[in-house]
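A short worksheet on the structure shown next.
Derivation of every value follows stated rules applied to the coordinates shown; laboratory data play no part. Quantities reported herein were computed from a predicted structural model and do not represent experimental measurements. Cβ atoms come from the backbone with ideal geometry, glycine included; neighbour counts cover every protein chain shown.
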Amino acid sequence: MQVGIEFKKQDGKKLKIGIVKSRWNSFITDPLLDRCKKALLDSGVEEKNIIIYDYKNTSCPINKYYITL
């Protein structure tokens, strides 16, 4: 029996990725961020090309903010 999901290896060398994370419920969002970052690094995305915006409030009006990559 196979556990987990496997994806085809991706080449992310040319990608820039923005991640928005809430500090609220950090016991959930911190591990999600860690796993997301690990998946991106495993796909070849350079650490300098992963931009993380740590939002301090409970809700993030994402339509009012832009991440400049």
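Tell me which residues, restricted to the stretch 5-29, are surrounded by 12 or more Cβ atoms within 10 Å (Cβ to Cβ) and either assigned to a helix (DSSP H, G or I) or of a type in the set (S, T, N, Q) (or both).
Hits for the stretch 5-29 are Q10, S22, S26, T29.
Of all residues in the stretch 7-39, which are charged (D, E, K, R), free of Cβ contacts under 8 Å to residues at least 12 places away in the same chain and under 15 Å from I52 (Cβ atoms)?
Result: D30, D34, R35, K38.
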